[in-house]
Protein chains: 2
Amino acid sequence: MANHTLFLIPNFIGEFSKDYLPKRTLEYIYTLRHFIVEREKTARAFLKAIDHPVAQNEFEFVELNKHDNYAGFKSFFDSHIPNFSIGVLSEAGLPAVADPGNKIVKYAHLKNIKVIPLSGSSSIFLALMASGFNGQNFQFNGYLPIDAKERMIALKDMERRSRKAAQIFMEAPYRNNPFLEFLIKNLQHSTKLCVAVDLEKEGKETIISKPIKDWKPQEIQLHKKPCIFIIEG
Amino acid sequence: MANHTLFLIPNFIGEFSKDYLPKRTLEYIYTLRHFIVEREKTARAFLKAIDHPVAQNEFEFVELNKHDNYAGFKSFFDSHIPNFSIGVLSEAGLPAVADPGNKIVKYAHLKNIKVIPLSGSSSIFLALMASGFNGQNFQFNGYLPIDAKERMIALKDMERRSRKAAQIFMEAPYRNNPFLEFLIKNLQHSTKLCVAVDLEKEGKETIISKPIKDWKPQEIQLHKKPCIFIIEG
């Protein structure tokens, strides 16, 4: 096992069980005691769920502050990386993909520290696989603007681009139901929409992929559920 | 374990070992005997490497023909899905992402058959995590055109888009070295380039991420190695 390395650690997206991570990923995490995380509480729960062999009081964490100047994680990184490898853990899914973890990775490259990404689950990628859309070309857009006018412009722009590349996007989970209605109302009848919900929740995961003309606003309950939306023109 | 389901099965991207797949993924594959694959030989080697408990002579395969009308896989699908679940397996990485497997998934949705994507490794996503680039917005472009003039136009177009979203792309592995020279020569000095090579090859994986002005054409040997390129403006 390499030392002095920054390991990027995937978190769970559905069930909270180590059966959802490869043995190789688990074995690398088991060698680590130092972690840069979004929230210490979530990180401790994750390390407990994977049966990390080190006692909880021996872990060291620094929380990544989204609104700060990142001074905290830099000093943690600089003081520990000469002696230990460090793990980066996000709240869900892959770190540094649609979360602020990329700042840490950028800093490691600047300091010439080896970066190793560990394999795990990504709801974005699982949804794309299961959509049946053309994976040769795709784009992830994160969240649409909240302002009604800007949101409509962003949607129409994505729909136009979806003729060349599948367009992936998300919504705040408590707004998923009205968002689905918004999509059905404003996308063209021939545009295909995939909704992937509760991925890796055993017995619950649902993936529906069909043209807008075949969608009904209330046919699936998305309220507060983790959900990925994809369109293809 | 669900029956009558289409399972999307990730293949290895580096080491050929079941330690690179989650236990949950392995357990679902162990329930399957029917597979739609790109090449039967590769599929059999994969099933052997993961210690599939079923004897090789009990498996049934249909090869997905890239240039055909897909009649073969449809008849295989239609005849087996009433009685069995079926697995889709690609040559490397995630099926239906940058490979023709999406046609099968599309067909399953059309027939109202449940689709479950199983988690595994994606070199595209691992490279993106490890690049340090902004994962809030990214685009996968596949391969650039081969024609020199079209290739230059595609590169300049990607570089322009890379100011808003990280741009991910690939090259045929035997052309990786001249391709890296082409990128260094034609991208702006301030554009950042990440090259991720030999991901999940133990002790070999290398990720370099820095501005074009700091790249030297021969600093990394990429010939015939699996490689992902990402730029950010």
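The values are calculated or read from the model by the stated rules, or taken from the named source; none is laboratory data. Because the structure is predicted, anything quoted here is derived from the model rather than measured. Positions of Cβ are backbone-derived with ideal geometry, glycine not excepted, and every protein chain shown enters the neighbour counts.
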**Prompt:** Out of all the residues in the range B:82-92, is one or more within 10 Å of chain A (Cβ to nearest Cβ), under 20 Å from B:Thr5 (Cβ atoms) and not hydroxyl-bearing (Ser, Thr, Tyr)?
**Reply:** yes
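Please verify whether B:Val88 is touching a Ser or Thr at 6+ places or on another chain (Cβ under 9 Å), in contact (Cβ under 8 Å) with a residue 12 or more places away in the chain, crowded, with 24+ Cβ neighbours inside 10 Å and not aromatic (Phe, Trp, Tyr), treating the condition exactly as stated. Let's see the steps before the verdict.
On the way: touching a Ser or Thr at 6+ places or on another chain (Cβ under 9 Å): no; in contact (Cβ under 8 Å) with a residue 12 or more places away in the chain: yes; crowded, with 24+ Cβ neighbours inside 10 Å: yes; not aromatic (Phe, Trp, Tyr): yes.
It is false that B:Val88 is touching a Ser or Thr at 6+ places or on another chain (Cβ under 9 Å), in contact (Cβ under 8 Å) with a residue 12 or more places away in the chain, crowded, with 24+ Cβ neighbours inside 10 Å and not aromatic (Phe, Trp, Tyr).
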**Prompt:** Inside the range A:187-199, can you point out the residues that are surrounded by 13 or more Cβ atoms within 10 Å (Cβ to Cβ) and in contact with a helix residue (DSSP H, G or I) (Cβ under 6 Å, 6 or more places away or on another chain)?
**Reply:** A:Leu187, A:Thr191, A:Leu193, A:Cys194, A:Ala196, A:Leu199
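Residue by residue, here is whether (1) touching a Pro at 6+ places or on another chain (Cβ under 7 Å); (2) within 12 Å of chain A (Cβ to nearest Cβ); (3) surrounded by fewer than 16 Cβ atoms within 10 Å (Cβ to Cβ) holds:
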| residue | (1), (2), (3) |
| --- | --- |
| B:Arg151 | yes, no, no |
| B:Leu155 | no, no, no |
| B:Ala172 | no, no, yes |
| B:Leu180 | yes, no, no |
| B:Glu205 | no, yes, no |
**Request:** Answer yes if at least one residue in the range B:45-53 is without any contact (Cβ under 8 Å) to a residue 40 or more places away in the chain, surrounded by fewer than 18 Cβ atoms within 10 Å (Cβ to Cβ) and either assigned by TED's automatic domain parsing to the domain that holds B:Pro173 or over 30 Å from B:Glu205 (Cβ atoms) (or both), and no otherwise.
**Result:** yes
**Asked** Restricting the search to the range B:6-37, which residues are crowded, with 20+ Cβ neighbours inside 10 Å and polar (S, T, N, Q)?
**Response** B:Asn11, B:Thr25
**Complete:** Per the filter on the range B:25-40, residues closer than 14 Å to B:Thr5 by Cα and among the charged types (D, E, K, R) are B:Arg33
**Request:** Specify which of the listed residues (A:Tyr70, A:Tyr143) is free of Cβ contacts under 8 Å to residues at least 60 places away in the same chain and not assigned by TED's automatic domain parsing to the domain that holds A:Tyr20.
**Result:** A:Tyr143
**Complete:** (1) in contact (Cβ under 8 Å) with a residue 60 or more places away in the chain; (2) in contact with a Leu (Cβ under 6 Å, 6 or more places away or on another chain); (3) of a type in the set (Val, Ile, Thr) all hold for A:Ile168 apart from (2)
**Request:** At least 1 residues that are in contact with a Lys or Arg (Cβ under 7 Å, 6 or more places away or on another chain) in each: list the helices (runs of 4 or more DSSP H) lying fully within the range B:117-210 that qualify.
**Result:** B:176-186
**Request:** Looking only at the range A:214-233, count how many residues are away from chain B (no Cβ under 14 Å), over 14 Å from A:Gln167 (Cα atoms) and not in a loop (DSSP other than H, G, I, E, B).
**Result:** 1
**Message:** If a residue must be more than 30 Å from B:Lys114 (Cβ to Cβ) and either in contact with a helix residue (DSSP H, G or I) (Cβ under 9 Å, 6 or more places away or on another chain) or free of Cβ contacts under 8 Å to residues at least 60 places away in the same chain (or both), how many such residues does the range A:96-138 contain?
**Reply:** 18
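Quick check on the range A:50-104: of everything there that is of a type in the set (D, E, K, R) and in a strand (DSSP E or B), which residue is nearest to B:Gln136 (Cα to Cα)? Give the derivation first.
At the first step, the residues of the range A:50-104 found to be of a type in the set (D, E, K, R) are A:51, A:58, A:60, A:63, A:66, A:68, A:74, A:78, A:91, A:99, A:103.
Checking the rest, the ones that are also in a strand (DSSP E or B) come to A:60, A:63.
Values: A:Glu60: 28, A:Glu63: 20 Å.
Filtering the range A:50-104 for residues that are of a type in the set (D, E, K, R) and in a strand (DSSP E or B), the one nearest to B:Gln136 (Cα to Cα) comes out as A:Glu63.
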**Asked** Just a yes or no: is a residue in the range B:95-113 crowded, with 24+ Cβ neighbours inside 10 Å, hydroxyl-bearing (Ser, Thr, Tyr) and at the interface with chain A (Cβ under 10 Å from one of its Cβ atoms)?
**Response** no
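Does at least one position in the range A:56-64 carry a residue that is assigned by TED's automatic domain parsing to the domain that holds A:Pro100 and more than 20 Å from A:Phe77 (Cβ to Cβ)? Can you show your working first?
Filtering the range A:56-64 for residues assigned by TED's automatic domain parsing to the domain that holds A:Pro100 gives A:56-64.
Checking the rest, the ones that are also more than 20 Å from A:Phe77 (Cβ to Cβ) come to A:56-57.
Yes, the range A:56-64 has at least one match.
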**Prompt:** If you check every pair at least six apart or on different chains, which have Cβ atoms under 7 Å apart with a residue in the range A:149-163 that is free of Cβ contacts under 8 Å to residues at least 60 places away in the same chain first and a residue that is surrounded by 14 or more Cβ atoms within 10 Å (Cβ to Cβ) and assigned to a helix (DSSP H, G or I) second?
**Reply:** A:Met152/A:Asn186; A:Leu155/A:Asn186
